[in-house]
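Written below as structure tokens is the structure these notes are about.
No value in this document is a laboratory result; all are computed from the given coordinates. This is a predicted model, so every value here is computed, not measured. Backbone-built Cβ (ideal geometry, glycine too); neighbour counts: all protein chains shown.
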Amino acid sequence: MRRNLTQLLISLMFFLFPPIFFIEKGMAQNTTIPVKVGVVLDLDTWIGKMGLSCISMALSDFYASHGHYKTRVVTKIRDSKRDVGAAAAVVDLLQNEEVEAIIGPGSSMQANFMIGLGSKARVPIISFSATSPSLSSLQSQYFVRATLNDSAQVPAIRTIVQAFGWREVVLIYVDNEYGNEVVPSLTSALQEVDTHVTYRSAIHPSATDDQIVKELYKLMTMSTRVFIVHMLTPLGSQLFTKANEAGMMEEGYVWILTDGITDFLSTLDASAIDSMQGVLGVKPHVPRTKELESFKIRWKKKIQEEYPTNEISELNIFGLWAYDAASALAMAVEKLGAGNFSFQKTTISRDSTSLESIRVSPIGPNILHSLLGTRFRGLTGDFQIIDGQLHTSAFQIVNVIGEGERGVGFWTTENGIVRRSNTTSKANLRAIMWPGESTSVPKGWVFPTNGKKLKIGVPEKKGFCEFVKVTRDPITNKTKATGYSIAIFDAVMATLPYAVPYEYVPLKIRDRKAAGNKDELFQGHVQKCDALVGDITILASRSLYVDFTLPYTESGVSMIVPIIDNRSKRAWVFLKPLTWDLWVTSACFFVFIGLVIWTLEHRINEDFRGPRSHQVGTIFWFSFSTLVFAQKERIVSNLARIVVIILFFVVLILTQTYTASLTSMLTVQQLNPTITDINELIKKGERVGYQYGSFVYEFLIKSMKFDESNLVKYESPEELDELFSKGGITAAFDEIPYMKIFLAKYCSKYTAVGPTYKFDGFGFVFRKGSPLVADVSRKVLSVTEGAKLLEFEKAWFGQTTSCPELTSSVSSNSIGLNSFWGLFLIAGVASFVALVACITTFLYENRNALINLNPPSSLWRKIKAMATRFDDKDPRSHTFRKSDQLPDKGHQSHGCSYSLASYTNFPPSPSSLLIPTHSDFAFFGEQGTPSSGHGDPVCPNRPMSPHILFEYELANLNHEQTRPPVIE
């Protein structure tokens, strides 16, 4: 019996223990580490309900696809129905639940206190819907914004405004923390593109319809028609409903929405959408993917199961950010590893409520560090936290059309506005339907309908009234402005496609010297008027305070000086056609050419031989006489003929130019300015004039460095003439339009000399950022390009006078070397080449004589011998050969003639010898005297010439013979 009982127990243990072993082993393998994470949301709001469902689905999807992970995020949910409730919920989670991270809150206003608690406990606070820019200023490293800062969309809005050229906008925003925080950054961004925020309309979150209508009517009285709206959907829907009723959704208006409304357009009812037709909006770009579409279907099914009795709302960007934030947190927890969470122990009482007793998480900093380094592809695109905030680089631009929205383009940080998000090429937006079903881009402003007129300031001046003249009706005391500038402005305003009522207001202009360094005209008067019209020069310094239209006149500053009659001082006028350097160069050139011709002709031409004084005279005579007549000297050398041809060409050009210039001086240029050099005025400290109230005063002091004590003001052409006549000034500086008026009256006494300092001319002035500038500038071009401008000039400046036109400089009319250096270069090179060729040929032909000089000679003796040789005639020249055959010509002396010789005692020399003889052949006798063929000496009383002697010596040297005796 006992044995049977023992066997039964053993059998039971055999069958029971193995299952228990395997169960324990399986439990050990499937053990996970829970990580507590708090969720603080207002579950009475749609964002709270949607966010909680998306967080739940994110964790479920994450662990379903990563079942082998060792950690599990366990959510501890708290409902925050009030701001204080949210703070209490966080304290409860930190003290009693010992959470390692918190997802929430739902609004920016709840986030301030929660961020402080998270920093104290070192627990990351992760928000997917707190978008206020002020939260970034808290500089808490434990606050992670898994959503976009409201200021992130500001660059996209700025680019849209800049692309359409709107210069004025009105901001409409909700008057709470959400609305107020984005206004400063939006205002600053618009100022960077020269767009002015003319008005800020703050609407209370609980404003009534009457309050909203009252504010809208105030906006209607303004000229600006571009409105940027930053508020949430409940108030935004109310605003656009009343704006549509007030007629502010018609053609000409522009409405731009921030993402506070654009993200929730799909949740608005049909009546609200109908009142928003033509509105533009920006929102974060979410790429369309299969995962996103699948999630939307699953989420909609889940939300219907959870809230079957509630009205179903659409999923928006905040739900997607909640999904990605929960996925990122789960991923960051798993990256730390299960070992970091295995030995957590609490030392805080669960009933504690004191803030000082809040537990400091040992794992929180690690989770924060792991979360900041987490990057993955989520439902909203690339999820990455940079500087504690979600990073995004693209916004979508949508247009409200029909029953919903239509995408018209994208904005990216890299490329600005593009038509497609996946391209880098810039393009215009797609076709936009503006309010009033208009397809043309609104200009963004209109004139108000309250009867207000633009105040156009005109300067009052005593002189130069051709441009601006201000008069007053003695009865009505109304201001009347006339003049060239006023006529052009009236013509421009009349051509605008819309009516612009305006009236002229006179302005007193003080002297620039009295106003010091400040520009009173643009720092004072422009604040009193909407625009300034008159003879106002466009300057860079003035553009800092105002906007200029395009110029309607030419401009520039130049100098006016008296002119004198030079007809009494014409004794040396014949020297003025050419400058001194051209005179000197020409003289040197002619001397050089004469020397070249003499060198080429001296040995072969009797006209270039004779006494040395005669030869020097020939050099100068031949070269300079070509200026007036042809020479009697004949030229036999081909090289010399080439040089002479070039010389004649140079002479022709010089004489023709000289004649033309002298003729001009004697017949045209009768009057010359007294001064042409501005530096001379400054150096001598001469007094110069400037126009009263003109910027020329500062220009002369700062740019030209004139002494202020030497500047004298004038107000009219008559006063300027009086200053010149009485010797009060030596010169005057003024702008070209004024100079034309002055010279038209006094062109016989004064002239304009250069250089002319360039400025941009006269333009019309408007307040900084005025929308009129672009339209007026375009009309200025249309008026000034046509024949109408000539009519204005004729009407106000009179008929064109016979005065010479203004030039940038007064020339001396003298022709300089720079006009002929190329001609001199060609002639000089040709002459030099001919000279080198001649000398080279001479040395080559006499090379044996140089080599065989006996005894060996020094360099100086060789040069002297060659010079002596060169000074003699060249007997081989055809010119001498022809002359020797004639009995009455050639080389004869006392009845003795010279002919080619042959030798009986010596071989012939390389050069032909001229030896006196009476017969065809001459012989040397035994004593070395020349004799006839019968042995009788020829011309015994005639000594041998040095040339014959030199040839005789060369013959002996070349044949190594004994030198014959010299004939006495």
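In this calculation the C-beta distance from Lys683 to Val833 is compared with R0 = 56 Å, giving a FRET efficiency of 0.70. Annotation note: trypsin sites (Lys or Arg not before Pro) in region 46-88 located in DSSP loop regions with a Cβ neighbour count of at most 16 within 10 Å are Lys70, Lys81, Arg82. Pairs from the list Lys461/Lys528; Lys705/Lys779; Lys36/Lys120 with a Cα-Cα gap above 27 Å: Lys705/Lys779.
Positive contributions from Lys and Arg (+1) and negative ones from Asp and Glu (-1), summed over other residues with Cβ under 15 Å from the Cβ of Met433, come out at -4. Taking Cβ atoms as reference points and 14 Å as the exclusive limit, the residues near Arg200 contribute a net charge of -3, counting Lys and Arg as +1 and Asp and Glu as -1. The Cβ shell under 15 Å around Val169 holds other residues with a net charge of +3, Lys and Arg each +1, Asp and Glu each -1.
List Ile102, Ile682, Ile261 from most exposed to least, where exposure is judged by having the fewest other Cβ atoms within 10 Å.
Ordered by Cβ neighbours within 10 Å, fewest first: Ile682, Ile261, Ile102.
Our coupling estimate for region 639-656, obtained by passing each phi through the Karplus curve with A = 6.51, B = -1.76, C = 1.60 and θ = phi - 60°, is 4, 5, 5, 4, 5, 5, 4, 5, 4, 4, 5, 4, 4, 4, 5, 5, 5, 5 Hz, Gly and Pro reported as x. Annotation: extensible slack from Thr267 through Arg472 equals 67.5 nm (criterion: 0.36 nm per residue apart, minus Cα-Cα distance).
Within a straight-line Cα-Cα reach of under 20 Å, Lys283 can be paired with the following lysines, leaving aside sequence neighbours fewer than 8 residues apart in one chain: Lys296, Lys426. For region 253-270, 3J(HN,Hα) computed residue by residue from phi via the Karplus equation (6.51, -1.76, 1.60; θ = phi - 60°) reads 8, 10, 10, 10, 9, 7, 5, x, 9, 4, 5, 10, 4, 5, 8, 6, 7, 5 Hz, glycine and proline entered as x. Working ranking of peptides 120-130, 533-543 by packing, defined as the average number of other Cβ atoms within 10 Å per residue, highest first, is 120-130, 533-543. Among Leu171, Leu320, sorting on how many other beta-carbon atoms sit within 10 Å of each Cβ, with the fewest leading, yields Leu171, Leu320. Between amide H atoms placed 1.01 Å from N, distances below 5 Å from Gly106 occur with Asp42, all of them 5 or more places distant or on a separate chain.
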